[in-house]
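Below: one structure, written as structure tokens.
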Amino acid sequence: MAASIIKAIGVIAAAASSKILADEFRAWRPLLTKKLIATAVRRLPNEQRDRYSEEWSSYIEEVPGEIGKIFAAFGLTWAAIKIKLLLQREKRSAGAVETSRKVPVDLLIYALLTEILALDGVDLRQIFYSRFAEDPRDVKLVERIRMWAAAHQMVTTVLRLLCMQVILTCFLLTLAWELRVPAYRRWVYLSWRSVRVRHASVEIL
Amino acid sequence: MGHQIPRITTQTLRVLGAFTNSQPEELSGAEIAKRTGLQSGTLYPILARLEQAEWLESKWESGDPHELGRPRRRLYQLTGFGAKSARAAYMEVTEMIGGPVWQLR
């Protein structure tokens, strides 16, 4: 008899405490989900925070069940991390596109400048000619002038050839970019390591 | 952003499937989650990826949050380009697995 009374009291106490616990949980749940959403949103870039804060608050309210809401709020932290990585990749991708367009143009300018310098720059021969004019009988000086002149000629020719190569390559790359040659653009994307662009590929996970 | 092709996974196809079979055409995140059975941690990165690739576009539902008495929903919709690309992806996967995509669960 006493045992059954104790058992009954125990059942009533358990029921009452579980009701109290459930009420407590329901009361604290909005605050908890709010905190979880805030934690998730903090992982996103500044410009995305307001959007996702409101969107996810609305999403959580539509998830059925109090425990379901908590689980969904935890999941948002994972979503925020993945979205952040995605946005970072996009930024790097934009950088890759910008760089691929900028580099050939910059190289083209440098090559043209080098070419101009090679043509009209400091001519070593001028220095020796002026000294030669001082003493035309100095045979050693004449030899040195010839040697330097030949070296200068060779360096200038090599430089000019290199410049022409660079100018031609840069011109073709710029042209390919501007004409939107798909193969070149694809190569630019794929050669940029951090960019993950797949063309017509389907993954079965 | 240009039209770059997003990574297509079975979950992505399920999200796209929710739109292609949807009435109305605009769906909130919760509605998509209900239709696809995906959890928030999987669903939102997919939505972000598809939006980035311009397969989806999103906008706030009309109305003021104070008048609505709750935060506004963000509504997602397939773009014309997205609808075309989704169909192509379905066909590709269907061809690969020799059956409807919906078997991939």
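The values are calculated or read from the model by the stated rules, or taken from the named source; none is laboratory data. Source: prediction; values computed, not measured. As a convention, Cβ positions derive from the backbone with ideal geometry for all residues, glycine included, and neighbour counts pool all protein chains shown. The accessibility values were calculated without ligands, DNA or RNA, using every heavy atom of the protein model including side chains. Shrake-Rupley method; radii C 1.70, N 1.55, O 1.52, S 1.80 Å.
Using a 1.4 Å probe over the heavy atoms of the protein chains, calculate the carbon and sulfur portion of the accessible area of the stretch B:36-92 as a whole percent. If you can, show how the numbers build up before the last one.
Details: 1320 of 2620 Å².
Within the stretch B:36-92, the accessible surface is 50 percent carbon and sulfur.
Quick one: which residues, 5+ away or cross-chain, put their amide H under 5 Å from the amide H of residue B:75? H built at 1.01 Å from N.
HN-HN under 5 Å from residue B:75: B:59, B:60, B:61.
Any chance you could check the stretch A:30-62 for residues losing 30 Å² or more of accessible area when the partner protein chains are in, compared with the chain on its own (1.4 Å probe)?
A:51, A:54, A:55, A:58, A:59, A:62
If eta is 1.002 mPa s and T is 20 °C, what Stokes-Einstein diffusion coefficient results for the stretch B:38-77, Kirkwood Rh from Cα pairs, in µm²/s? Before the final figure, lay out the partial values.
Values: Rh = 11.3 Å.
Estimated diffusion coefficient is 189 µm²/s.
Between residue A:29 and residue A:152, how many nm apart are label points set 7 Å from Cα along the C-beta direction?
About 8.8 nm, to one decimal.
How large is ³J(HN,Hα), in whole Hz, for each residue of the stretch B:11-17 in order, when computed from phi with the Karplus curve 6.51 cos²θ - 1.76 cosθ + 1.60 and θ = phi - 60°, using x for Gly and Pro?
Here the 3J(HN,Hα) series is 5, 4, 5, 5, 5, 5, x Hz.
Looking at the stretch B:37-93, which GluC sites (Glu not before Pro) are in a loop (DSSP not H, G, I, E or B) and have at most 14 other Cβ atoms within 10 Å?
Values: sites: B:51, B:54, B:57, B:61, B:67, B:92; in loops: B:54, B:61.
Here the sparse-neighbourhood loop sites are B:61.
Sort B:8-20, A:17-29, A:46-58 by packing, meaning the average of other beta carbons within 10 Å per residue, with the highest value first. Don't skip to the end; give the middle numbers.
Working: B:8-20: 20.8, A:17-29: 10.8, A:46-58: 17.1.
The peptides rank, most packed first, as B:8-20, A:46-58, A:17-29.
Find the sum over both chains of the accessible area lost when A and B are paired, probe 1.4 Å, and report it in Å² to the nearest 100. It would help to have the intermediate numbers written out before the result.
Numbers: alone 15590 and 6540 Å², together 19310 Å².
Summing both chains' loss of accessible area gives about 2800 Å².
So if we plug the beta-carbon distance of residue A:164 and residue B:68 into 1/(1 + (r/R0)^6) with R0 = 45 Å, what FRET efficiency do we get, rounded to 0.05?
Working: r = 68 Å, r/R0 = 1.50.
For residue A:164 and residue B:68, the calculated efficiency is 0.10.
Which of the residues in the stretch B:68-83 lose at least 10 Å² of accessible area when you go from the chain alone to all protein chains together (probe 1.4 Å)?
Checking the loss per residue gives B:71, B:72, B:73, B:74, B:76.
List the lysines whose alpha-carbon lies under 26 Å from that of residue A:19, not counting same-chain residues fewer than 8 positions away?
Within the straight-line limit of under 26 Å, residue A:19 reaches these lysines: A:7, A:34, A:35, A:69.
Using a 1.4 angstrom probe, figure out how much accessible area the stretch B:9-81 has per residue, in square angstrom, rounded to the nearest whole. Write out the running numbers ahead of the final one.
Numbers: 3090 Å² over 73 residues.
So the stretch B:9-81 comes to 42 Å² accessible per residue, rounded to a whole number.
Would you give the gap between the C-alpha center of the stretch A:53-77 and the C-alpha center of the stretch B:61-84, rounded to a whole Å?
When both Cα centres are located, 17 Å separates them.
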